[in-house]
Amino acid sequence: MSLAPLLNAPLAIQLHAFAALAAFALGLVQFARVKGTGQHRALGFAWVALMLIVAVSSFWIQDMRVWGRWSPIHLLSIFSLVMLPLGVYYAHTHQVRGHKLTMLGIFFGALLIAGVFTLVPGRIMHQAVFGG
């Protein structure tokens, strides 16, 4: 494992990857902690901010082109940009079930599933994790 491929990547990729890794770690922390506390809320806002960085920065990453400059992975960014405010709204209005399902969907869809695709041979994260 070497961070060199990631550190030598364009700034948009670095920002995207480090924000995604931080959001993943913070998401795991949120799963383990007590819900409904001020700390949960503060960490949740930090997680939302990280996810906004992940989603927005993805539009400057255009390695896999399917539709012009875009790929199906960009649909996950659009999904995140729509669902993040909805998840915050659900939390603000105490709709716990909606908040939980929305945030879990973003975590698993936009972080975990998309993250698995970054490990495909030839991608920068594959090089960072598995080498050459």
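The values are calculated or read from the model by the stated rules, or taken from the named source; none is laboratory data. As the structure is a computational prediction, the values presented were derived from the model and not from experiment. Glycine also receives a Cβ, built like all others from the backbone with ideal geometry; neighbour counts cover every protein chain displayed. Remember, those area values only see protein heavy atoms, side chains included, never the ligands or the DNA or RNA. Shrake-Rupley method; radii C 1.70, N 1.55, O 1.52, S 1.80 Å.
For the range 1-91, the list of trypsin sites (Lys or Arg not before Pro) that fall in a loop by DSSP and count at most 16 other C-beta atoms within 10 angstrom reads Arg33, Lys35, Arg65, Arg69. When restricted to Cα atoms, the chain yields an Rg and a Dmax of 15.4, 49 Å, respectively. The shape of the range 1-40 can be summarised by an equivalent ellipsoid whose semi-axes, obtained from the alpha carbon gyration tensor, come to 29, 10, 5 Å from longest to shortest.
Solvent-accessible area of the chain (1.4 angstrom probe, protein heavy atoms only): carbon and sulfur portion equals 73 percent.
Only Lys, Arg, Asp and Glu carry charge here, each on its Cβ (+1 for the first two, -1 for the last two); on that basis the chain has a dipole of about 300 debye about its Cα centre.
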